[in-house]
Each structure stands twice: as structure tokens, then as C-alpha cells.
Amino acid sequence: MHKQLLGYLSRVADIYLVSRLKNQRLGFPSKNDIRIFFPDIHLLSRERNKDFKYGTSYPDLLAKVARELKNFRNEMTDDKTSSIYQLGDFLDLWRETPEYWSVGGTSDRWEASVQQILDDNVAIINSLRDPDLGTKFILGNHDYDLHWLPSFAEWRLRYYFPLDQSDLSKGASAVALHGDIFSGLEKKIPDWLQYLAVNLFGPAVTKPKPRDLGELRDVIIKDHSKSLYTDYIQQPAPSDFKDLFPAQSRSLPGRYNVSEKGTGNEKELEYLKEAKDFCSGINEDFKWNIQLAFIGHTHNARIAVDETEGQFFALVDCGAWIEQCKGLLEDQEKVMDCAQIGVLSDNDARIYQLVPKEG
Amino acid sequence: MRNKNRSLRFQTVFFILLVIFIYSSCHKNRPIFVAVRESDFRFGPILLPLTDAAKKNLTLFLVKGGDHNVCDYVDPGAPKRYEGLLTLLSDDEFLNNANNLKLDAEKKSVKISRRLKKWFRDPIVYQIVDATQKRPPLVNPISISDGTFWWVFYRAEDSSGTFRIEKLLVTLDIVNEVKR
């Protein structure tokens with residue numbers, strides 16, 4: 001299904017492989033099921049966009065990719081299934097409404113500001129929220145407050161991929177979430193709130209309950225601190241991918257640009273330990289065996305692996321659709337706007353960088 | 001003496017203000033009605049008692065976080081958490097009298113029964129807005145919330161004049177006030 005997907009995407013973009021890990025220990029063996037991940041997009045209103053160095057990359061391409069994915073799904077044979085995810089920070093409510101900068105403050109114009117973002121990005125909203133695409137949206141730390149609004153009812157904190165949808169006892173194999181909880185956020189949540197969240201509302205907090213977890217919003221606001229995000233959001237300099245491999249090449253390496261615990265640098269291994277510990281906790285609670293997590297948040301696309309202590313774990317950070325990256329394209333270093341997606345099928349996890357076709 | 005009177009008056013006023021403050025803080029706004037959400041975000045109405053198949057389908061809906069469009073698990077703790085409740089909703093003896101949902105009706109205050117406290121919180125809401133129906137119901141259902149979902153228990157009068165719990169609809173909650 002990877003090949004078929006690339007066929008659709010290549011109609012609208014040149015596609016380069018950023019990272020790939022093909023390994024049966026990923027725990028997603030199905031050849032007939034594919035998962036596709038859009039990372040952080042950070043949509044703003046047209047007016048507000050002018051105040052920041054970085055806005056959403058290639059907006060036209062983003063809408064086109066979503067439409068091609070819809071074609072891909074519609075033209076699939078009946079024995080195949082697909083799911084699309086947006087890993088959080090779809091809208092950037094934090095940068096859009098300055099009132100967020102004061103702790104606990106919300107603007108009376110807040111809903112109008114949210115609506116302005118939607119009205120100024122109609123093509124992207126219509127394509128990504130198309131019911132036929134069925135995108136599953138995840139709450140991020142820049143759009144956490146969407147959970148207040150009824151028209152965003154389908155936004156969740158995380159999704160676990162079941163091994164058998166009709167048999168809960170078989171458990172789940174992977175998880176998709178934004179990733180901000182790995183940034184030390186949970187350490188800032190007071191113990192009593194963690195207890196409340198974890199023990200009274202299920203072993204895993206899934207959807208914030210406004211009356212009881214409104215305080216989590218305050219923690220997120222404090223975590224943003226005084227950040228204005230004027231010059232950058234997550235990456236002060238372009239992420240360096242070194243070699244970018246044409247994705248449709250016949251000799252695609254099975255393991256490409258994967259960082260390992262013990263040999264990789266700090267940046268490439270960021271959140272690997274936290275994600276592994278988090279999934280270990282879930283595995284213990286439910287007797288599952290999740291060894292794979294998909295996140296966004298860092299805007300640094302990479303795959304990192306921890307095979308220590310006899311327990312394999314892989315973190316796939318799907319990058320972003322904002323800020324910049326650089327890499328070698330045909331032996332020339334090129335700086336590009338980040339336009340990455342993650343893909344999973346047949347125990348094969350990949351991250352692609354998309355570039356609009358010229359002309 | 002005058003100072004003592006002034007001090008006493010001040011303490012009395014302070015105490016009254018404190019009581020008012022505490023009361024208003026604790027007294028949350030009570031929803032006037034429950035809105036039945038779009039079809040992707042509701043389950044039912046289904047007849048009670050729950051059959052094994054209905055229990056399984058409802059559990060799956062809860063695990064999916066109340067969204068039929070989702071194929072993944074959103075709330076993996078749901079089966080264990082709701083198991084006892086679904087067992088209760090399979091029990092004819094419990095369902096035969098709708099008053100089992102609430103405390104003794106002879107008392108002035110209407111609260112959910114002790115048997116349901118494990119899953120639900122006050123208040124009980126009787127008004128429902130269901131745009132899937134032609135008109136408001138003649139017999140108001142009893143709706144109670146678990147914090148994420150409203151569980152709407154439709155009642156039917158039997159020959160003895162009591163109401164039994166006949167059908168169940170579970171709908172995702174709607175927040176109608178942004179925290180300021």
C-alpha cells in the first residue's frame with residue numbers, strides 16, 4: 001500500500017524519504033491497512049500570520065495532498081482500509097489570540113478568533129475535515145482549547161491502534177498522540193490533579209473534561225510561559241536531514257536515517273525515553289504490548305529506536321508542516337519549508353518530505 | 001464596648017459573605033436540558049434490558065470515546081469502568097422501576113440513587129432536545145451524566161401506574177460554557 005500511496009501523492013508533489021524503519025517488532029503487520037499522519041500545521045488567520053516569521057508551509061499543497069488522500073481512500077479495493085490522523089496543533093490558538101499570554105485569561109472574542117482562522121483557511125479546512133477523509137484529530141498544546149467547542153467533538157488526546165477492532169481483549173499495537181506531555185509537562189501537573197486525571201477517569205486520560213481538567217489548560221499556558229513564537233516555534237534553525245532520498249526509488253533502504261539510543265545525539269533521541277516509559281505504563285495497566293508511538297510537537301522529523309533492556313521501542317516523530325528543514329537534494333544542500341507526513345503499513349514506518357511540483 | 005460591637009458586626013458580615021461565597025462557588029450551574037448529539041456521537045436508543053450483543057456494541061462505542069467514526073481505542077479503560085453499570089442495565093429487577101435511578105421520591109431533593117453514584121453525578125435532568133424526533137416526548141426521560149456522556153433513560157408507564165425504564169440512549173456531552 002506504500003507504493004500505491006506514493007502514486008497518488010506524486011501527482012501533486014515530489015516526495016523524499018526522510019527516515020524509514022521496516023521491522024516486524026513495530027507490531028503493525030497488516031499489508032491491507034495503512035495509517036497516514038499529518039503533523040503540526042499551526043493555521044492562523046491571514047491578518048495574524050503577518051506578525052510571525054513562520055506560517056503554515058505550502059497551504060495549496062496541503063489541500064491538494066488531502067484531496068489526493070481522499071482519492072486514494074475512495075479508489076481503494078474493499079479488502080483495504082486506511083486511517084488519516086492529524087497529530088495536534090492543527091490550529092494555532094496560542095499565537096492567534098494574544099489574550100492567551102496571560103495565565104487563565106480567555107478573550108471574549110475568542111470564539112470569533114477561532115472562526116477567523118477557519119474562514120481564512122477554507123481550502124485546507126474543507127479538505128482535511130472532509131467527512132470522506134475521516135481525519136482523526138488530536139489536541140495539541142497550541143489548540144488544546146478546541147475541546148470546548150461542539151463542532152470539534154471528534155478531537156481527542158490520543159488514539160490506540162487495536163489489534164482486532166471487534167475484540168478488545170487482544171489489545172493495541174501503537175499509539176498516536178501530540179507529544180507535548182513528554183516535554184516535562186506532566187511533572188508540572190500537581191500530584192492531586194494527576195491522580196484525579198489518571199485514577200478517576202480511566203487509566204489513560206483520553207478527552208479532557210472541562211469541569212475537572214480545566215486546570216490542565218493552566219498548566220499548558222504556564223508551559224508556554226512568555227513565548228511569543230515570533231521568530232520560531234520549536235526549531236530555531238532548520239532541521240538537518242542530510243541526505244534526502246527520492247521516495248519512489250527502486251532501491252529504497254529498509255532502515256534509513258534511524259537514531260538509536262546509545263549512539264544518537266540528544267536532539268535525535270528527544271522524548272524517546274519518556275515515550276517508552278509512557279507506553280510501558282499503558283502496557284502494564286492493560287497487559288498490552290505497544291512498542292510504537294507516533295508524535296508531532298517537536299517539528300523535528302525523525303525515527304528513534306531504543307532496543308535496550310530487552311524491550312524494543314520506536315518513536316516516529318512526523319515533523320511538521322511549518323518552519324524549515326534542510327537536506328541534500330541531488331548533491332546540493334537545499335533549505336525547504338517543512339512539509340512532512342508519516343506513514344505506517346506492513347511493519348514499515350516512513351516519514352516523507354513533500355515539495356510542490358515546479359510549474 | 002463600642003469597639004467590641006464593631007468587631008462583632010464585622011465578623012458577622014464577614015461570616016455571611018463567606019457563606020455566600022462558598023455557596024455560590026459550590027453551586028454549579030445546572031443544565032436545563034440535554035441535547036441529543038449527531039448520529040456519529042450517540043448510541044441508541046436501544047431497548048432494555050441490554051442483550052449481550054447490545055452490551056458489546058455499547059462497550060465498543062464507549063471505548064471509541066463516543067464516536068462511531070473512529071476505529072481506534074480512545075478510552076481503553078471504559079470496559080472495566082462501565083462493566084458494573086452495564087450489568088445493572090441487564091437486570092429486569094432494576095429496570096422495572098424508574099425510581100431506582102433516583103433517591104426516594106418522597107424526599108424533596110431529587111438526586112441519583114446510591115447504586116449509580118459510582119458512575120454518575122448529580123443533577124438529574126428531565127428536559128431533552130432531540131431533533132431526531134418530531135416533537136418533545138410526552139413522558140420525559142431521566143438523563144444523568146458521567147462527565148463525558150449523558151445517559152438518557154426513557155420511561156414507559158406500566159399497568160400498575162409505575163414507570164419502568166424501557167430504553168437507553170447514550171450521547172456525548174456538549175459543553176455550553178467556555179471557562180472564563
- Item | Potential extension, A:Glu47-A:Asp285 segment - 0.36 nm per residue separation minus Cα distance | 81.0 nm
- Note on the structure: Quick calc, B:Ser160 & B:Cys71: beta-carbon distance into FRET formula, R0 45 Å, rounding 0.05, result 0.50
- Extending each Cα 7 Å along its Cβ direction at A:Ser227 and A:Asp119, get the distance between those two points in nm, one decimal. 2.9
- Task: Find how many whole Å separate the alpha carbon centroid of region A:128-175 from the alpha carbon centroid of region A:1-75.
- Result: 17
- In Å³ per residue, the alpha-carbon convex hull of region A:1-151 encloses 147
- Query: Going highest first, how would you order A:293-305, A:15-27, A:322-334 by mean Cβ packing within 10 Å?
  - Reply: A:293-305, A:15-27, A:322-334
- Evaluate the distance, in nm, between pseudo-label points positioned 7 Å from the Cα of B:Asn96 and of B:Gln127 along their respective Cα→Cβ axes. 3.5
- Item | A:Ser345, B:Ser90 arranged by Cβ crowding within 10 Å, fewest neighbours leading | B:Ser90, A:Ser345
- Query: So, by mean Cβ neighbours within 10 angstrom, what's the order for A:255-261, B:68-74 with the highest one leading?
  - Reply: B:68-74, A:255-261
- Output field shielding_mean for B:56-67 (other chain Cβ, 10 Å radius) holds 3
- Note on the structure: The correct pair for region B:54-153, radius of gyration to one decimal and Dmax as a whole number, both in Å and from Cα atoms, is 14.8, 46
- Task: Take peptides B:114-124, A:56-66, A:37-47 and line them up by average Cβ neighbours within 10 Å, highest first, as a rough protection proxy.
- Result: A:37-47, A:56-66, B:114-124
- Query: Per residue of A:169-181, how many C-beta atoms from partner chains lie within 10 Å of its own C-beta, taken as a mean?
  - Reply: 1
- Task: Could you tally the net charge around B:Pro49, taking each other residue with its Cβ under 9 Å from the Cβ of B:Pro49, Lys/Arg +1 and Asp/Glu -1?
- Result: -2
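If r is the Cβ-Cβ distance from B:Glu38 to A:Ser166 and R0 is 25 Å, what FRET efficiency results, to the nearest 0.05?
The computed FRET efficiency comes out at 0.55.
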- Residue-count net charge about A:Leu329 - beta-carbon cut-off 15 Å; Lys, Arg +1, Asp, Glu -1: -4
- Item | Greater than 18 Å apart at Cα, pairs in A:Lys242/A:Lys326; B:Lys80/B:Lys117; A:Lys170/B:Lys64; A:Lys22/A:Lys287 | A:Lys22/A:Lys287
- Query: How high is the FRET efficiency from B:Gln11 to B:Lys80, r the C-beta distance, R0 45 Å, rounded to 0.05?
  - Reply: 0.35
- Mean per-residue count of partner chain Cβ within 10 Å for A:37-44 equals 0
- Which aspartates and glutamates does A:Lys273 reach when only Cα atoms under 17 Å apart count, and residues fewer than 8 places away in its own chain are ignored? A:Asp180, A:Glu186, A:Glu260, A:Glu284, A:Asp306, A:Glu307, A:Glu309, A:Asp317
- Near A:Lys70, which aspartates and glutamates are there with a Cα under 19 Å away, not counting those fewer than 8 places off in the same chain? A:Asp14, A:Asp33, A:Asp60, A:Asp78, A:Asp79, A:Asp130, A:Asp132, A:Glu154
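Each value in this text was obtained by applying a stated rule to the coordinates, not by laboratory testing. All values derive from a computational prediction rather than experimental measurement. Glycine also receives a Cβ, built like all others from the backbone with ideal geometry; neighbour counts cover every protein chain displayed.
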